[in-house]
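Working notes for the structure below.
The values are calculated or read from the model by the stated rules, or taken from the named source; none is laboratory data. Given the structure is predicted, the values throughout are model-derived calculations rather than measurements. Methodologically, a virtual Cβ is constructed for each residue, glycine included, from the backbone with ideal geometry; neighbour enumeration extends over all protein chains shown. We work out accessible area using only protein heavy atoms, side chains counted, and drop any ligands, DNA or RNA first. Shrake-Rupley method; radii C 1.70, N 1.55, O 1.52, S 1.80 Å.
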Amino acid sequence: MSEPSSQDRIQALVRDLQPVRPIPPLRAAIAAVAGTGLVVIAAGWLLGSHLPRAWTDSAWSDPRFLLILVGLALVACGAISAALASAVPGRERAVQAGFRIGGLGLAFTIGSGLWGVARSTVAFGPGDLSAYSACLASSLVLGLASCLVACKFVARAAMHRPHASAALASAGGVALGAIAVHASCSAGDALHQLVAHASAPLVAAAVLTPLVSLVLIYAARRAARDAVRGRS
């Protein structure tokens, strides 16, 4: 039997390729994910939920409060960017940049929270745990839609690390929700802001990653089947 020609080998490789539908340009995908989060937050405002503190509130002049707010915004931007770029071949630099931005944001949020705890008298009462849980749950709910939109884009592209992409999408989406929670929560003690606000992206990555990974894998397989049907 004769050896297959180079052309035959190329055709065989092409047949074995997994069909992939490209996602929109990275900036457009990021805007879509962030826009989804903002729409959810705005809808909550219209319903009277998580309205920001009054501009005359002293928190807006508190550097610790503002650093957590800026840090959460950086985490959202960096993690969402890294999650989307991780599914696009050749965008390794964008992934690294997203990691750096998200890491800087975490340093701001966690560092500012620890700074506040170190400067204040920490007291933990029976009602504090329920308050922590309420703020964390609100961040998860507000950020879930953004997380799912990011997952849709990632699953349609060349996803090869579903667990990492799921962790990044979860952290980024919930960071968006935590921005609204932090800006509206009336609790001013440092421990609450550290545990229930600043740590929300880390909690999301730990809690949601297994479930979101399954969603990503299922969506990727379904997208591949749809692409095969479209080519046949």
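The table that follows gives values for the structure above.
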quantity	calculated
Close pairs from the range 190-219: first closer than 11 Å to residue 165 by Cα, partner assigned to a helix (DSSP H, G or I) and open to solvent by 60 Å² or more (accessible area, probe 1.4 Å), Cβ under 6 Å, at least 6 apart	213/163
Flag for residue 70 being open to solvent by 60 Å² or more (accessible area, probe 1.4 Å), without any contact (Cβ under 8 Å) to a residue 40 or more places away in the chain and assigned to a helix (DSSP H, G or I)	yes
Residues that are part of a helix (DSSP H, G or I), open to solvent by 90 Å² or more (accessible area, probe 1.4 Å) and over 26 Å from residue 29 (Cα atoms), drawn from the range 76-125	114, 115, 119
Pairs with Cβ under 8 Å, 6+ apart, first in the range 110-131 and at pLDDT 85 or above, second part of a loop (DSSP other than H, G, I, E, B) and among the hydrophobic types (A, V, I, L, M, F, W, C)	131/187
